[in-house]
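Undergrad: Let me begin by handing over the structure; questions about it come next.
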Amino acid sequence: MVNLTKFVKKVHMNKSIEKLLNDQIKYEANASMHYMAMASWADSNGYNGIAEFFYNQSEEERVHMLKLVKFVNERSGKVAIPALEKPKADFESLQELFEDFLKSEMFVTEQINHVIFECLDKKDYNVHNFMQWYVTEQLEEEAVARTLLDKLNIIGDDKSGHYLFDRDINTIATAVDPTA
């Protein structure tokens with residue numbers, strides 16, 4: 001019986017790319033907790049539809065984080081599970097809530113673009129290829145955030161408009177075409 005382990009060279013992940021991916025794990029985890037806090041605020045203020053939207057966003061970010069964790073482990077990297085900062089819990093208005101949502105998504109996009117840049121610089125095409133899913137995902141996330149904020153800007157302070165927005169948010173969010 002031949003022991004194949006001595007013939008198989010274990011490929012280690014580039015350390016700078018590994019650090020960036022661990023940073024991205026933290027950004028996704030922070031976004032998940034941030035959206036959970038946003039959902040809780042909306043829930044406690046009677047915005048059940050908005051709360052459900054942000055609970056779903058929170059879960060989606062957790063899944064993004066988990067996907068990164070599994071990828072780093074599969075590529076023989078070392079995952080550093082991060083400590084998280086306490087998210088903002090109080091918002092003055094729906095406007096502020098959705099402005100924060102857009103800022104958060106823009107920040108994550110910026111970080112993903114940095115990972116992509118470094119992958120190309122280091123010629124790490126495997127990680128680059130993996131990260132393309134995140135690029136596409138962020139295109140969609142930013143489009144949703146912008147659309148929802150645009151709708152709130154149209155509504156302004158109209159309470160009946162807020163009621164309809166809360167009722168229809170998940171329909172509005174799923175109707176967004178990021179390529180449009």
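The values are calculated or read from the model by the stated rules, or taken from the named source; none is laboratory data. All values reported here derive from a predicted model rather than from experimental measurement. Cβ sites come from the backbone with ideal geometry, for glycine too, and all protein chains shown count toward neighbours. Keep in mind that these areas ignore ligands, DNA and RNA; they rest on the heavy atoms of the full protein, side chains included. Shrake-Rupley method; radii C 1.70, N 1.55, O 1.52, S 1.80 Å.
Undergrad: Which entry in [x] 17.8; [y] 16.9; [z] 16.4 matches Kirkwood radius over Cα pairs in Å derived from the coordinates of this structure?
TA: [x]
Undergrad: Where is the GNM fluctuation largest for the chain (alpha-carbon springs, 10 angstrom cutoff): 20, 120, 94?
TA: Sorting by GNM fluctuation, first place goes to 120.
Undergrad: Here's a follow-up. Just add up the charged neighbours of residue 65: K/R +1, D/E -1, any other residue whose Cβ is under 12 Å from the Cβ of residue 65.
TA: That works out to -1.
Undergrad: Suppose only helical runs count, i.e. DSSP H with n ≥ 4. What mean residue ellipticity at 222 nm does that imply for the chain under -39500 (n - 2.57) per run, divided by all residues and rounded to the nearest 500 deg cm²/dmol?
TA: It lands at -26500 deg cm²/dmol.
Undergrad: Taking only C-alpha pairs under 8 Å that are 6+ residues apart, what is the relative contact order of the chain in percent?
TA: 25 percent
Undergrad: Highest mean first, how do 26-34, 157-165 rank when packing is the count of other Cβ atoms within 10 Å averaged over residues?
TA: 26-34, 157-165
Undergrad: Whole-Hz Karplus ³J(HN,Hα) for the range 67-75, in order, using 6.51 cos²θ - 1.76 cosθ + 1.60 and θ = phi - 60°, x for Gly and Pro?
TA: 3J(HN,Hα) across the range 67-75, in whole Hz: 4, 5, 4, 5, 4, 4, 5, 5, 8.
Undergrad: To continue, here is another question. What order, most packed first, do the peptides 43-52, 141-150 have when packing is the mean number of other Cβ atoms within 10 Å of each residue?
TA: Listed from highest to lowest mean packing, they are 141-150, 43-52.
Undergrad: Once the Cα atoms of helix 125-155 and of the chain are each reduced to a long axis, what angle between those two axes, in degrees from 0 to 90 to the nearest 10, is obtained?
TA: 10 degrees
Undergrad: Run the accessible area of the range 20-157 with a 1.4 Å probe and give the carbon-and-sulfur part as a rounded percent.
TA: 52 percent
Undergrad: Treating the angle as unsigned and between 0 and 90°, give the value, to the nearest 10°, between the Cα long axis of helix 159-174 and the longest Cα principal axis of the chain.
TA: Roughly 30 degrees, rounded to the nearest 10.
Undergrad: Another one. Could you pull out the pairs from 103/123; 70/151; 86/159; 15/67; 19/103; 19/122 whose alpha carbons sit more than 25 Å apart here?
TA: 103/123; 70/151; 86/159
Undergrad: Under a point spin-label approximation (7 Å from Cα along Cα-to-Cβ), what is the residue 19-residue 158 distance to one decimal in nm?
TA: About 5.1 nm separates the two model spin labels.
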